[in-house]
Amino acid sequence: LREAAALIPPDQLLVETDAPFLTPHPFRGAPNEPYCLPYTVRALADLLDRPARDVAEQSFLNARRVYELD
């Protein structure tokens, strides 16, 4: 997953919580719900060597575009 994440173009990146058994640390074992998104974004930002705020903003903009939200 780490290698694949690094290959995703920034304009195609989305962050979600639909993987019920892949809850990020420190909540491993608990249900994966929206409260976990900041942990996922931070881990992804570390992996990509980008600021978490930038990854969150890009994911937000991508979600708005993909799901046609305004």
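The values are calculated or read from the model by the stated rules, or taken from the named source; none is laboratory data. Every value quoted in this text rests on a predicted model; they were computed, and no experiment measured them. Quick reminder, even Gly has a Cβ in these numbers, built from the backbone with ideal geometry, and neighbours come from all protein chains shown. Heavy atoms of the whole protein, side chains included, go into the accessibility calculation; ligands, DNA and RNA do not. Shrake-Rupley method; radii C 1.70, N 1.55, O 1.52, S 1.80 Å.
Brief remarks on what is shown
- FRET efficiency estimate (nearest 0.05) - Cβ-Cβ, Phe21 to Asp70, R0 30 angstrom: 0.35
- Maximal additional length on extending the Ile8-Tyr39 stretch stands at 9.3 nm, based on 0.36 nm per residue less the C-alpha distance.
- The residues of the chain expose on average 78 square angstrom of accessible surface per residue, using a 1.4 Å probe on protein heavy atoms.
- Loop-located chymotrypsin sites (Phe, Trp or Tyr not before Pro) in the chain (DSSP state other than H, G, I, E, B) with a sparse environment of at most 14 neighbouring Cβ atoms within 10 Å: Phe21, Phe27, Tyr67.
- Per-residue ellipticity at 222 nm, computed for the chain from helices alone with -39500 (n - 2.57) per DSSP H run of at least four residues, works out to -14500 deg cm²/dmol.
- Solvent-accessible area, 1.4 Å probe, carbon plus sulfur percent, for the chain: 57
- Based on C-alpha pairs under 8 angstrom that are at least 6 apart in sequence, segment 1-58 has a relative contact order of 30 percent.
- When you work out D = kT/(6 pi eta Rh) for the chain at 37 °C and 0.692 mPa s, using the Kirkwood radius from C-alpha pairs as Rh and the Stokes-Einstein form, the result is 261 µm²/s.
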